[in-house]
Amino acid sequence: KALNEVMKANKKIVLVTQKNAEIDDPNEKDLYSYGCESKILQLLKLPDGTVKVLVEGVSRAKVIKLYNNKDFLSASISEFKEESKGKDGDNLSGMLRAVKTQFVQYAKLNKKITSEILQIIDEIDDPSKISDTICSNLDLKMSSKQELLEINSVFSRLERILRFIEEEQGVLQAEKRIRNRVKRQMEKTQRDYYLNEQMKAIQKELGDSEDGKSEIDELQDLIKKSKLPK
C-alpha cells in the first residue's frame, strides 16, 4: 500500500531493516532508525497478489519520527551527511588502498566474488561508493551491515570494513585448511585401498590361493598331515 501511494507522487520511499525478521507487523521499536532513501524504478504486480519492486538507493537517511497511518507506515527523515575526510592525521587514500588490496585477497578465497565485481571496484574513485560496494559483497550478518550503514565517517567505515575483511579471511582460510586436511585423509584412504588391492592381485599372480595361503604354506600343511619321519 505504501508502494502504491508513492507511485502516485514522487516515487520515493524510505527502506529500513527489521531487527527481527520474523515479526509480521513491526512497529517503531522493531525497526532500525537508520535506513536508505530510495527511488522506485519499477513496480510489478504479480498474479498471486505479491509485488515485485526494483529500487535504487539514493542516500542514507535517519528516521526522525514514524507515523502509523491506517494502511502503512510513513516517516519524517533527516539528511545523513557523510564525513568524506578523515580526522587530522588520517590517511584516507592509504586506507582506501589497503581495503582494496585486502578485498582482492579475500576474493581469492571467496569464489562468489567475480572478476567483474573486482573490476567495478577498481574503476570507482569515490571512497564512499567503494565502501558501500565492497560492503554489499561481503558475507556479513545483517547487524554488521547495519553498523556500517550508520557510520557517517567514510574513513571510519573503511577502517571497519578492513577489520571485517580480515576476520572473514581468517574464517575462509580455516575452512580451506579443514577441506584440504579432509581431502588428504580421503586420498590416503583411497591410496591404501588401491595398494591393498594391488597387493592381493600380485600375491595371486605369485601363486597364492584364494584364502590367502601361499603354495609353500599349503606344502607345509600337507607335510604335517602326512606324519613323515624326520
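Can you tell me the order of 187-195, 3-11, 150-158 when each peptide is scored by its average per-residue count of other Cβ atoms within 10 angstrom, highest first?
On the way: 187-195: 10.0, 3-11: 11.9, 150-158: 19.8.
With the highest mean Cβ count within 10 Å placed first, the list reads 150-158, 3-11, 187-195.
When the alpha-carbon atoms of region 8-98 are used, the pair Rg, Dmax equals 17.4, 58 angstrom.
In this simple spin-label approximation, Gln173 and Asp217 carry label points 7 Å from Cα along the Cα→Cβ vector, and these lie 5.2 nm apart. Over every Cα atom in region 49-167, the radius of gyration and the widest Cα-Cα span, Dmax, amount to 16.8, 55 Å.
Using the Cβ-Cβ distance between Arg163 and Met186 with R0 set to 25 Å, the FRET efficiency works out to roughly 0.10. Restricting region 6-73 to GluC sites (Glu not before Pro) that sit in a DSSP loop and have at most 13 other Cβ atoms within 10 Å of their own Cβ leaves Glu22.
Short to long, the 5 Å bins of the Cα pair-distance histogram for the chain hold 1, 5, 9, 11, 11, 10, 9, 7, 6, 4, 3, 3, 3, 3, 3, 3, 3, 2, 2, 1, 1, 0, 0, 0 percent of all pairs.
Helix 154-205 axis versus longest C-alpha principal axis of the chain: approximately 20°, rounded to the nearest ten. Computed over neighbours whose Cβ is under 15 Å from that of Tyr32, the net charge equals +2, Lys and Arg +1, Asp and Glu -1. Only lysines eight or more places from Lys225 in sequence, or on another chain, were considered; those with a Cα closer than 21 Å are Lys213.
So how strong a dipole does region 127-182 carry about its Cα centre when Lys and Arg Cβ are +1 and Asp and Glu Cβ are -1, to the nearest 20 debye? Please list the in-between numbers first.
On the way: 10 positive and 9 negative charges, 55 e Å.
For this selection, approximately 260 debye.
Bridging of Lys230 to aspartates and glutamates at a Cα separation below 16 Å is possible for Asp221, once same-chain residues fewer than 8 apart are set aside.
Express the carbon and sulfur contribution to the solvent-accessible surface of the chain as a percent, rounded to the nearest whole number, probe 1.4 angstrom. Roughly 51 percent, rounded to a whole number. Take Lys224, project a point 7 Å from its Cα along the Cβ direction, then tell me which residues of region 168-207 have their backbone nitrogen under 18 Å from it. Zone members listed by number: none at all.
Label separation (Lys204 vs Ser74): 8.5 nm, computed from points 7 Å beyond Cα along the C-beta direction. With every protein chain in place and a 1.4 angstrom probe, the accessible-area ranking of Tyr67, Tyr34, largest first, reads Tyr67, Tyr34.
Taking the C-alpha atoms only, the angle from helix 127-136 to the longest principal axis of the chain is near 50 degrees.
The values are calculated or read from the model by the stated rules, or taken from the named source; none is laboratory data. All values derive from a computational prediction rather than experimental measurement. All Cβ positions, even for glycine, are placed from backbone atoms using ideal geometry, and neighbour counts span all protein chains on display. Heavy atoms of the whole protein, side chains included, go into the accessibility calculation; ligands, DNA and RNA do not. Shrake-Rupley method; radii C 1.70, N 1.55, O 1.52, S 1.80 Å.
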